[in-house]
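Participant: Here it is, the structure, as structure tokens.
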Amino acid sequence: MALVFATTAAAAEPPTLLALGDSLTAGYGLPPEEGFVPQLQNWLNAKGKEVTIINAGVSGDTTAGGLARLDWSLTPETDAMIVNLGGNDLLRGLDPASSRANLDAILSKASERDLPVLLVGLEAPSNYGPAFKQAFDAMYPELAEQYGADLDTNFFAPLTAELDIAAARQKYLQADGIHPSAEGVAVIVEAIGPQVEKLLERAAD
């Protein structure tokens, strides 16, 4: 009877979701309760989903930084992972081939653990030239297909779904014009939430 009880208790533990990212994940410039991870946690809880989300967002981190700390971020308890990296690679104009190699390595390590992953993409601006933009934009869908990961094509896309870029920047971004405000995060979470629900279902299979 004790063994049955212990097994049932273990099975009842909520899944652990690792959110590996940069300042967009960390909640830069926002009160702790209004960042991406807390708002996503609240959204999922409101949908009746019990989950423990680990905020592994580090402001300023590149794809290389995310890869460097992946081994100790991926604890044995991790059941699934969100990967939201590449924004700082963009800001620094780093070679997309290098960014791709780092994301490839991250997804490879997750695959070794048989962890379902939601890869969150970004779109490069045109000021780096068409070749850069093509290479950067393509790496997310191509890597997601290669590793069987779920894909959110553009973290910021929900902000311009109903507004033009200028209006969205004023309504949904902080004063730096880069990081979403609490209201902007809420819009993003509303859009990405169903994909995270799907990710958790994959983790439970």
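Participant: What do you reckon, is Ala11 surrounded by fewer than 20 Cβ atoms within 10 Å (Cβ to Cβ), modelled with pLDDT under 95 and not polar (S, T, N, Q)?
Facilitator: On the way: surrounded by fewer than 20 Cβ atoms within 10 Å (Cβ to Cβ): yes; modelled with pLDDT under 95: yes; not polar (S, T, N, Q): yes.
When the stated conditions are applied, Ala11 passes them.
Participant: Has the range 76-84 got at least one residue that is without any contact (Cβ under 8 Å) to a residue 12 or more places away in the chain and not acidic (Asp, Glu)?
Facilitator: Taking the range 76-84 and keeping what is without any contact (Cβ under 8 Å) to a residue 12 or more places away in the chain, we get 76.
The next check asks that each one be not acidic (Asp, Glu); those that pass are 76.
Yes, the range 76-84 has at least one match.
Participant: Now for a separate question. Among Lys109, Lys133, which is the only one that is at pLDDT 95 or above, open to solvent by 20 Å² or more (accessible area, probe 1.4 Å) and in contact with a Pro (Cβ under 9 Å, 6 or more places away or on another chain)? Steps first, answer last, please.
Facilitator: Numbers: Lys109 fails: in contact with a Pro (Cβ under 9 Å, 6 or more places away or on another chain).
When all the criteria are applied, what remains is Lys133.
Participant: Right, next: Within the set of pairs 6+ apart or on separate chains, which have a first residue in the range 40-57 that is at negative phi, a second that is open to solvent by 30 Å² or more (accessible area, probe 1.4 Å) and modelled with pLDDT under 95, and C-beta atoms under 7 Å apart?
Facilitator: Glu50/Pro14; Val51/Pro14; Thr52/Pro14
Participant: Now for a separate question. Step by step: first the residues of the range 69-119, then only those that are in a helix (DSSP H, G or I) and among the basic types (Lys, Arg), then the one that is farthest from the chain's Cα centre (by Cα). Which residue is that? Quick ask: steps written out before the conclusion?
Facilitator: Kept after step one, since they are in a helix (DSSP H, G or I), are these residues of the range 69-119: 70-73, 87-92, 96-112.
After this cut, where a residue has to be among the basic types (Lys, Arg) as well, the list is 92, 100, 109.
Numbers: Arg92: 20, Arg100: 16, Lys109: 16 Å.
It comes out as Arg92.
Participant: Condition first: over 16 Å from Val185 (Cα atoms) and either open to solvent by 50 Å² or more (accessible area, probe 1.4 Å) or charged (D, E, K, R) (or both). Can you find one or more residues in the range 33-46 that meet it? Full working, then the answer.
Facilitator: First, pick out the residues of the range 33-46 that are over 16 Å from Val185 (Cα atoms): 45-46.
Next, only the ones that are either open to solvent by 50 Å² or more (accessible area, probe 1.4 Å) or charged (D, E, K, R) (or both) stay: 45-46.
Within the range 33-46 (the criterion being over 16 Å from Val185 (Cα atoms) and either open to solvent by 50 Å² or more (accessible area, probe 1.4 Å) or charged (D, E, K, R) (or both)), the answer is yes, since at least one residue qualifies.
Participant: Within the range 148-166, work out how many residues are part of a helix (DSSP H, G or I), touching an Asp or Glu at 6+ places or on another chain (Cβ under 9 Å) and surrounded by 17 or more Cβ atoms within 10 Å (Cβ to Cβ).
Facilitator: Taking the range 148-166 and keeping what is part of a helix (DSSP H, G or I), we get 157-160, 165-166.
Now drop any that are not touching an Asp or Glu at 6+ places or on another chain (Cβ under 9 Å), which leaves 157-158.
Retained after the next criterion (residues that are surrounded by 17 or more Cβ atoms within 10 Å (Cβ to Cβ)): 158.
Qualifying residue count, the range 148-166: 1.
Participant: Would the range 18-33 turn up any residue that is free of Cβ contacts under 8 Å to residues at least 12 places away in the same chain, assigned to a helix (DSSP H, G or I) and either touching a helix residue (DSSP H, G or I) at 6+ places or on another chain (Cβ under 7 Å) or not aliphatic (A, V, I, L, M) (or both)? Steps first, answer last, please.
Facilitator: Of the residues in the range 18-33, the ones free of Cβ contacts under 8 Å to residues at least 12 places away in the same chain are 32-33.
Among the residues that remain, those that are also assigned to a helix (DSSP H, G or I) are: 32-33.
Now narrow it down to the ones that are either touching a helix residue (DSSP H, G or I) at 6+ places or on another chain (Cβ under 7 Å) or not aliphatic (A, V, I, L, M) (or both): 32-33.
Yes, the range 18-33 contains at least one residue that is free of Cβ contacts under 8 Å to residues at least 12 places away in the same chain, assigned to a helix (DSSP H, G or I) and either touching a helix residue (DSSP H, G or I) at 6+ places or on another chain (Cβ under 7 Å) or not aliphatic (A, V, I, L, M) (or both).
The values are calculated or read from the model by the stated rules, or taken from the named source; none is laboratory data. Being a predicted model, the structure only gives us computed values, none of them experimental. In this analysis, Cβ positions are derived from the backbone assuming ideal geometry, glycine residues included, and neighbour counts consider all displayed protein chains. These area figures cover heavy atoms from the full protein model, side chains too; ligands, DNA and RNA do not enter into them. Shrake-Rupley method; radii C 1.70, N 1.55, O 1.52, S 1.80 Å.
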